[in-house]
1. If the elastic network links every pair of Cα atoms under 10 Å, which of Val24, Val157, Val149 fluctuates the most in the Gaussian network model of the chain?
2. Taking the beta-carbon count within 10 Å as an exposure proxy, list Tyr222, Tyr209, Tyr9 from fewest neighbours to most.
3. Amide H of Phe105 versus every other amide H placed in the peptide plane: which residues, excluding those fewer than 5 positions away on the same chain, fall under 5 Å?
4. If you take the square roots of the eigenvalues of the alpha-carbon gyration tensor of segment 23-102 and sort them as a ≥ b ≥ c, do you get rounded (a/c under 1.5), prolate (a/b over b/c) or oblate?
5. Quick one: Karplus J couplings for segment 61-69, per residue in order, coefficients 6.51, -1.76, 1.60, θ = phi - 60°, nearest Hz, x for Gly and Pro?
6. Translational D (Stokes-Einstein, µm²/s) of the chain at 37 °C and 0.692 mPa s when Rh comes from the Kirkwood sum over C-alpha pairs?
7. Label segment 175-239 by shape, choosing from rounded, prolate and oblate, from the square roots a ≥ b ≥ c of the eigenvalues of the Cα gyration tensor; if a/c is under 1.5 it is rounded, and otherwise prolate applies when a/b is larger than b/c, oblate when it is not.
8. From the helices alone, meaning DSSP H stretches of at least four residues, give me the mean residue ellipticity at 222 nm for the chain, per-run term -39500 (n - 2.57), in deg cm²/dmol to the nearest 500.
Amino acid sequence: KTMGFFIGYALSLFGRVQDRLTHVLVSEPFENNRDFFYPTQSPREIFNARGEPLDASQARVMLAEIPFVRLREGLPASLLAGQAGYSETVKAAQQRIVPPVGIAFDVKKRTVICGGVPVQMPPLNFAVYLWLARRAASGLPAVRPGEDVQAEEFLAVYREVVGRGSGDYDNACRALRHPEDFLSYFQEKRTNANKALKRVLGAFTAKSYLIDAVGGRLRTRYLISLKKEQIQLPQLGKA
C-alpha cells in the first residue's frame, strides 16, 4: 500500500496530459478470492472462504479511471530530467503552487530571487531585468526601448552592475551608439532572461515574474507585472 501511494504521487508529479491512472474493480463475492483470476467464458465452479460454490463466469471486472492533479507543468526542467530526489521534487512542487511572494536581487551573483528561488543570469540579462524592476517599483509605465526611453537609462543600471571601467560596459555602450538599435538589443536580452526564469521556476510559476509584452505588435511595450510592494530593490552603489 505504501508503494502504491508513492506510485500514484509520482504520477501526479510527472504525469503528462495523456497519462491515465486506473484501478481494477472486481464484483463481490469474487474480490479477494484466491481461486479467482478472471471471468471465464464458460461456467467454472470455485468456492469462497465459507465453502460456498461460485461461478467464475458470472464475475464482473471493471476498469475505473482515477482523476489526479497534474503538477508536471510547474516543475523545473532539472527535476523533470530526474536530477533530484523525491523530497526535493515534492518541495519544488509545493513552492510552485504557493502564490508568488515577490522578487529580490543579489547583484554580486547576478541573481534574481523569485519567491525565495534564486535565478542566476548573465550580467546583461540581469541588468535588463533589474532595470525594469526599478521602473515597476517606481510606478513607471510599460516602456518601448528606443522610443519612450533611450539606452542611457538602461546603461546607468548596467554600469552599476558591472562597474564603470568594465570592458563589458564599454562593449554595451558601443552596441547602443545608435538609438534605433536599442529595441532589438533589449528584445534579445528579454528573451534570454525569460528563458532563465522558465528553466529554473517552471513555466507555470515563471508567468508571475516574466518580462511581459503589452500592446500591438508595432507598439509593443514591456514591463514586469509585479506590485511595488512585491519588489525588493538592492542598493546598487553598495552591492
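Each reported figure results from applying straightforward, stated rules to the coordinates on display, with no laboratory input. Just so you know, these numbers come straight off a predicted model, no measurement behind them. Here the Cβ is made from the backbone with ideal geometry for all residues, glycine too, and neighbour counts use every protein chain on show.
1. Val24
2. Numbers: Tyr222 21, Tyr209 26, Tyr9 16.
Going from least to most buried by this count: Tyr9, Tyr222, Tyr209.
3. Here the answer is Ile113, since their amide H atoms fall under 5 Å of that of Phe105.
4. On the way: a/c = 4.09, a/b = 3.89, b/c = 1.05.
Verdict is prolate for segment 23-102.
5. Per residue, the Karplus-derived 3J(HN,Hα) values read 10, 10, 9, 9, 7, 10, x, 8, 7 Hz.
6. Numbers: Rh = 22.1 Å.
The Stokes-Einstein estimate is 149 µm²/s.
7. Values: a/c = 1.65, a/b = 1.21, b/c = 1.36.
Oblate is the answer for segment 175-239, as a/c is 1.5 or above yet b/c matches or exceeds a/b.
8. Details: 8 runs with 89 residues, N = 239.
Rounded to the nearest 500, the figure is -11500 deg cm²/dmol.
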